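Q: One structure coming up, written as structure tokens, with questions to follow.
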Amino acid sequence: MTNSISAESYHVTAVIAHSVKCNLEKEYEDWLRGIVPVAKSFDGHLGVQILRPHLEENTEYVIVLHFDHHQNLKRWLESEERHKWIELVQPLIQQPENVQVLTGLETWFELPKRPQKYPPKRYKIALITWLGVLFLSLVVGRILNPLLEPLPWLLKQIITSGLIVWLLAYFLMPQLTRLFYRWLYPK
């Protein structure tokens, strides 16, 4: 397990990669259905996202866990409950899990098994983030504006921007990072 845990006490993300053995995907999915509720029961758990393999030759699952503080994430990662679940998954995975603990915006631009010594250039981070915000603003605005019409302007902005940030952090940025990975990290 590789950790780059900082002593900071703010929102942290653990990115966990498992390469699942061939023909054991169903058992792995069952394991996921068991461990996710256990993780959710820990203090500070903010959400989980599972990135499943898209190609048949790729067997890597990526679990993205969000916690409110480093200490709460550490409690989960080091808990007896999690260790029991990790023992259960060992026969299903090809190698020991790879865990990266990240804080801040770099969580949007880091993929498992592709650790980077340096984050992407700031202008690249800004452009990809702008692209994500633009896309979500157009889509979310189009959907929410009619629903939020009776609300005061400031409340509409709070709701809309909150939803955009949430969707950006949990769904869109990991996808944009994969899509633009070669541009973000040229060799």
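Q: Given (1) polar (S, T, N, Q); (2) crowded, with 16+ Cβ neighbours inside 10 Å; (3) modelled with pLDDT under 75; (4) not in a helix (DSSP H, G or I), identify the lone condition not met by Q116.
A: (2)
Q: For region 130-144, which residues satisfy the criterion of being of a type outside the set (K, R) and open to solvent by 30 Å² or more (accessible area, probe 1.4 Å)?
A: Within region 130-144, W130, L131, V133, L134, F135, S137, L138, V139, I143 meet the criteria.
Q: List pairs: first residue in region 124-148 and charged (D, E, K, R), second residue open to solvent by less than 80 Å² (accessible area, probe 1.4 Å) and part of a helix (DSSP H, G or I) anywhere in the structure, Cβ distance under 7 angstrom, at least six positions apart or on different chains.
A: Filtered contacts from region 124-148: K124/L184.
Q: Select from region 43-85 the residues that are more than 24 Å from L168 (Cα to Cα) and either open to solvent by less than 80 Å² (accessible area, probe 1.4 Å) or in contact with a Leu (Cβ under 6 Å, 6 or more places away or on another chain) (or both) and list them in ascending order.
A: N58, T59, K74, W76, L77, S79, R82, W85
Q: Contact list please: Cβ distance under 7 Å, first residue in region 50-62 and outside any strand (DSSP E or B) and at pLDDT 70 or above, second residue surrounded by 13 or more Cβ atoms within 10 Å (Cβ to Cβ) and of a type in the set (A, V, I, L, M, F, W, C), pairs at least six apart or on different chains.
A: Sorted first by the residue in region 50-62, then by its partner, the pairs are T59/V20.
Q: Something else: Going by the conditions given, is V12 modelled with pLDDT of 85 or more, open to solvent by less than 10 Å² (accessible area, probe 1.4 Å), under 25 Å from V165 (Cβ atoms) and touching a strand residue (DSSP E or B) at 6+ places or on another chain (Cβ under 7 Å)?
A: no
Q: Moving to a separate point now. Within region 16-58, how many residues turn out to be farther than 18 Å from S79 by Cβ and over 18 Å from the mean Cα position of the chain (by Cα)?
A: Qualifying residue count, region 16-58: 14.
Q: Restricting attention to region 168-181, which residues are over 11 Å from the mean Cα position of the chain (by Cα) and either assigned to a helix (DSSP H, G or I) or touching a residue at least 60 places away in the same chain (Cβ under 8 Å) (or both)?
A: Matches in region 168-181: L176, T177, R178, L179, Y181.
Q: I've got another one for you. Show the residue pairs that are 6+ apart or on different chains and have beta-carbon atoms under 6 Å apart, the first residue being within region 23-39 and over 15 Å from Q90 (Cα atoms), the second being part of a helix (DSSP H, G or I) and open to solvent by 30 Å² or more (accessible area, probe 1.4 Å).
A: V38/E81
The values are calculated or read from the model by the stated rules, or taken from the named source; none is laboratory data. Note that the structure is predicted; figures quoted are calculated from it, not measured. Reconstructed Cβ throughout: ideal geometry from the backbone, glycine too, with neighbour counts over all protein chains shown. In case anyone asks, the SASA skips ligands and DNA or RNA and just uses the protein heavy atoms, side chains included. Shrake-Rupley method; radii C 1.70, N 1.55, O 1.52, S 1.80 Å.
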